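Read-outs throughout are calculated quantities, based only on the coordinates presented, and are distinct from any laboratory measurement. Only a predicted model underlies this, so the values are computations on that prediction, with no experimental measurement involved. Counting neighbours? That spans all protein chains shown, and the Cβs are built from the backbone with ideal geometry, glycine included.
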Amino acid sequence: MNEHRAAPGDGEPYSTLGVKHYWVDQLVVIAVSGEVDALTAPQFSAAIGEATAGSPAGVIVDLSAVDFLASAGLGVLVATHEQVTAKARFGVVADGPATRRPITVLGLDSIITLYRTLEEALADMGGA
Amino acid sequence: MALGVNTFRRVPRTPQSDMRSSMVRNVAGNAAEVAGLRGEFTQWLQRHFYLNESRRSDLALAVNEALINAAEFGHPDRAGQGIVTFNAAYDEAVGTLTVTINDRGRWRLRLTRTAAEQSVKRGRGIALMQILTDELRISPSDRGTQVSLVWTNVQPHYFVLSRH
């Protein structure tokens, strides 16, 4: 578990990111929660690097519990896609306006395979 | 418009909406301050306006991208950290919400100087701003860059009528 919270100031709390990963057969699932923005994207990227180090057959980034996804996070997803797809499959689970919409309005779903649920991703990518 | 009192209840105006719903902040240009301001803006939106989940997401993301651009590229020299000025104003006569963000740097200059990766990053941010707003204006000047994000047909809470 890689929990990151920037020190809150007097006003609003800053972004919080939670990332954990687990294996389902040959697939690694990276479950993300909180907000993926310019503040937390470096931790997001580092956690993905850690999770994908064990040569999985496929990588699933599960954004089901993410409530904010900014361009910094989209950049990490695109970079991960480029790194992973040389030797493994890559899929992203995203549903709802906070996560699926930023990906689709930019047309990134033509590069990255999107799923609405983790079950759907696991079934399609062969980890079920 | 005449409303039957037994049919509709007019939601009372809050003291905040009497201030013509504006929000003004000055923050340091860094990612943590941007995240804090984004959170505050989201709460301000929820307090004042009727927006569905999708539109609320759009507004938060577009404003975030404008703030991040201002924070990352909006200072006159590479070393310093700029001040980002944020102003959200609602014009209730026409139902338009305008968010204006000012910095003291030049996005255009930075675009030609910056590394390719940063250009891609920023290109995505500007594309999101264009797609997720009804109108976007980016105005560079000698003093800095001003970006205005406009949303039309924004309904305040006190126009929402609910049945008994």
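Summarising the strand pairing of chain A, around 40 percent of its internal DSSP beta bridges are antiparallel. Computed from backbone phi with θ = phi - 60° and the Karplus coefficients 6.51, -1.76 and 1.60, the 3J(HN,Hα) list for region A:40-55 is 9, 4, x, 5, 4, 5, 5, 5, 5, x, 5, 5, 8, 5, x, 6 Hz; x is used for glycine and proline. Given only helices, namely DSSP H runs of n ≥ 4 each adding -39500 (n - 2.57), what is the per-residue ellipticity at 222 nm of chain A, to the nearest 500 deg cm²/dmol? The per-residue figure over chain A is -9000 deg cm²/dmol. Judged by the ratio a/c of the largest to the smallest principal axis of the C-alpha gyration tensor, region A:8-95 counts as prolate, that ratio being 1.5 or greater while a/b is larger than b/c. Phi-derived couplings, Karplus 6.51 cos²θ - 1.76 cosθ + 1.60 at θ = phi - 60°, listed residue by residue for region A:57-62: 7, x, 10, 10, 9, 9 Hz, with x used for Gly and Pro. Panel order for A:Thr40, A:Thr85, B:Thr145, by other beta carbons found within 10 Å of each beta carbon, from fewest to most: A:Thr85, B:Thr145, A:Thr40. For the charge dipole of region A:4-128, defined by +1 on Lys and Arg C-beta atoms and -1 on Asp and Glu C-beta atoms about the Cα centroid, which residue among A:Ala53, A:Tyr115, A:Leu69 has the Cα displaced farthest towards the positive pole? Result: A:Ala53, furthest along the dipole toward the positive end.
For region A:109-114, the Karplus equation 6.51 cos²θ - 1.76 cosθ + 1.60, evaluated at θ = phi - 60°, returns couplings of 6, 7, 9, 9, 6, 9 Hz by residue, with Gly and Pro reported as x.
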